[in-house]
1. Rolling a 1.4 angstrom probe over the protein chains, ignoring ligands and nucleic acids, what is the accessible area of TYR269 in square angstrom, nearest 10?
2. For ASP222, ASP147, ASP93, give me the order by solvent-accessible area with a 1.4 Å probe, most accessible first, ignoring ligands, DNA and RNA.
3. Share of region 64-128's accessible area from carbon and sulfur, percent, 1.4 Å?
4. Can you give me the orientation-averaged projected area of the convex hull built on the Cα atoms of region 76-124, in nm²?
5. Past 32 Å, Cα to Cα, is the threshold; run LYS70/LYS98; LYS70/LYS104; LYS47/LYS172; LYS68/LYS104; LYS110/LYS172 against it and keep the listed order.
6. Rank these by accessible area, largest first, 1.4 Å probe: LYS110, LYS47.
7. How large are Rg and Dmax for the chain when calculated on the C-alpha trace, in angstrom?
8. What ranking of ARG217, ARG258, ARG225 comes out by heavy-atom accessible area, probe 1.4 Å, highest first?
Amino acid sequence: MLLAALLTGCSSGSGKPARADKPGAAHPAAPAAPPTAAAPDAAAYRKWGLAEPLAAPPPPPAAKLTDKVKEGGTPPVVRRVQTNDKVVFVTIDDGAEKDPEFLKMARDLKLPFTMFLTDSVARTGPGYGYFDQLRSLGNGVQNHTIDHPNLRTLSADAQRREICGQQDVLDKRFGKRPPLFRPPYGNYNEQTLVAAGSCGVRAVVLWEATMQINDMRYAEGDGLRPGDIILAHFRGPAELKGTTMTRMMANLIRSVERQGFTVARLEDYV
C-alpha cells in the first residue's frame, strides 16, 4: 500500500501543497563541500537528446535562509526562494526507482538537484548506496519521513517518530542530520513544524511546480518564476507510462531552458 501511495505522487491533485489550520552504526565521513562543477559538456547533453547545456547559475547569495533559523526553533516553510536570479531548483522525492541510467545522466550533465528520501523505499534494492553515488556528485540528501504518511492524520508523537526517525537514519548513513524536510503530499500542521524543529530541521520545503511526464504543472500561473522549486520523483516506466526517468528529466531540462531559466543548487540558497 505504501509503494502504491508513493507512486501516485507526493503532491495533492491540484499540485499545490496544503496545510491544516493551526490546531488548539558508526558515522561514515561527513560530506565534503560540493565539488566545483566543470563547464557542462555540449556533447554530453546531445547524448541525452538535449540541444545545449544549461547556463551556469550565478554565484549563490552570501547568506542562506537557514542561517537565520535558531537551532530547535520552528522552521520556516519555503515554497519558492526569494531571488531575482533566473534560477529554479530541482528536487526529487521518495527513492523508489533506482535507475542506473539516471546515475550516468547525472554524472554527464552535472545537473544540481536535491533528494528528499523516504526510508521505506529508499533502502530497497540497491538501497542508500545508489543515492550515495548521486550525493558524491554534490547533490543534497534531505528528509522525507520513514514511511511517507499524511502527517496531518498523525499525533504529535507519531509525527516526531516519522521525522526524527528519518533524521537518525540519514545521520547514521551519511554522517549528517539533514537541515531540510519535505512532508509527504505537502501536508503539514503546526505539530509538524514543532516536531521538525525539535529534530534539527531548519526549513520545510514545499514546491511551486510539479514535473509530470512531458512538462510541468504550476501552482500559480502558466510558467516558471525566479526561485521556483520543482517537484519530481524517482520513478520508472511502470509509473511513467513507458517513459524512463532519464527521458522525464530531459523533458524537465528542456522546459527550464525554453523558459529562459537555469538550475541552481537549493542548499546554496536555503
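The values are calculated or read from the model by the stated rules, or taken from the named source; none is laboratory data. Keep in mind that what you see is a predicted model, and the values were worked out from it rather than measured. Note that each Cβ is placed from the backbone with ideal geometry, even for glycine, and that neighbours are counted across all protein chains shown. These accessible areas exclude ligands, DNA and RNA; they are computed on the full protein's heavy atoms, side chains included. Shrake-Rupley method; radii C 1.70, N 1.55, O 1.52, S 1.80 Å.
1. 20 Å²
2. Details: ASP222 145, ASP147 65, ASP93 0 Å².
From most accessible down to least: ASP222, ASP147, ASP93.
3. Working: 1270 of 2840 Å².
Accessible surface attributable to carbon and sulfur in region 64-128 totals 45 percent.
4. If I average the Cα hull's projected area over directions, I get 4.9 nm².
5. Numbers: LYS70/LYS98 35 Å; LYS70/LYS104 38 Å; LYS47/LYS172 37 Å; LYS68/LYS104 37 Å; LYS110/LYS172 27 Å.
Checking Cα-Cα distances, LYS70/LYS98; LYS70/LYS104; LYS47/LYS172; LYS68/LYS104 exceed 32 Å.
6. Working: LYS110 85, LYS47 130 Å².
Heavy-atom accessible area, descending, gives LYS47, LYS110.
7. Just the Cα atoms of the chain yield Rg and Dmax of 17.4, 58 Å.
8. Details: ARG217 105, ARG258 155, ARG225 65 Å².
Highest to lowest solvent-accessible surface, that is ARG258, ARG217, ARG225.
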